[in-house]
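Below: the structure, in structure tokens.
The values are calculated or read from the model by the stated rules, or taken from the named source; none is laboratory data. Because the structure is a prediction, the values reported are computed rather than measured. Counting neighbours? That spans all protein chains shown, and the Cβs are built from the backbone with ideal geometry, glycine included.
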Amino acid sequence: MKIARLSMQQGYRYAIYDPDADDYIVLADDPLFAREVKPTGQRVAKADAELVAPMLPRTKVFGFGGTYRQGATAADLSTFLKPSTSVTGPEDPIMVPQWAPGLVHEAEIAVVIAHPLKDATAAQARKAILGYTVIDDLTVTGVGPAQAKYWDSSLPLGPVIETDFDYQQARITSRVNGNLVTDVQAADLAFSPEELVAIASQHTSLLPGDIVLTGTGTANGEVTHQDVVEVTVEGIGTIRNQIFAPHLAPQAN
């Protein structure tokens, strides 16, 4: 099931995608907290749907580095946090702060948490996952590790949350201005998504709506002012965001 969040006249509403009708069925409640998914009967054509980030983290985004390094142990992984204000929509502009000397993008799969977790096993983590989504972890270069990650709109996310997803069958790609930059198989992760969620829960309590990033599998791709970055995860979808950083634009002679 593909869960989306739509911007509508009456505000933001959750919906599920109906592939047979190629439209979205609006839901009565937030599926994160509803006991059952209840459709309202209202439908929105896919062409008319305005998608926003399908989940806003209730407290935090937990990220990992080094997850594709074969033979790595949990102790080898680097970790970081991003604030809820870092999340932006699947087609929103990325407003890069003036203090950023450079920028790279990182194409990843993210896990959305449905139930509280602390010191969980991988089996417990699996039961606490709502679904999976596409993210671009935009990172400032030339500054400290916390500052590099901790800024508004640095985490475009979407277009949907896929609840029925096999990461081992997923290809992750990114394109900058149409040129292929990233092309990896998620099966090359050294840890399964549920193992990463379990590890994250050993660092900090995970709450419903929190997001866990599974890490990037290739060297980061540099981006600059007005570049258009597309990240695709097979089985989930594509996000497409334009970079706005006038201070990084090449200067004319």
Quick one: would you say L248 is modelled with pLDDT of 95 or more and not β-branched (V, I, T)?
no
Could you tell me whether the stretch 212-235 includes any residue that is in the same structural domain as P159 (by the TED database), in contact (Cβ under 8 Å) with a residue 60 or more places away in the chain, out of contact with any strand residue (DSSP E or B) (no Cβ under 8 Å at 6 or more places or on another chain) and not in a helix (DSSP H, G or I)?
no
Residues satisfying the stated conditions in the stretch 1-43, i.e. closer than 15 Å to E162 by Cβ, free of Cβ contacts under 8 Å to residues at least 60 places away in the same chain and among the small types (G, A, S):
A15
State which residue is modelled with the lowest pLDDT when the search covers only the stretch 8-33 and only residues that are under 25 Å from K127 (Cα atoms) and assigned to a loop (DSSP other than H, G, I, E, B).
F33
Would you confirm, using the coordinates I've provided, whether T216 is within 18 Å of the chain's Cα centre (by Cα), surrounded by 19 or more Cβ atoms within 10 Å (Cβ to Cβ) and among the polar types (S, T, N, Q)?
yes
Just to be sure I understand, how many residues within the stretch 69-78 are out of contact with any strand residue (DSSP E or B) (no Cβ under 8 Å at 6 or more places or on another chain) and either part of a loop (DSSP other than H, G, I, E, B) or under 27 Å from Q242 (Cα atoms) (or both)?
5
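State all residues of the stretch 26-78 that are small (G, A, S) and loosely packed, with under 12 Cβ neighbours inside 10 Å; if no residue qualifies, say none. Before you say what the answer is, go through the steps one by one.
Filtering the stretch 26-78 for residues small (G, A, S) gives 28, 34, 41, 45, 47, 49, 53, 63, 65-66, 71-72, 74-75, 78.
Listed by number, the residues that qualify are G41, A45, A47, G71, A75, S78.
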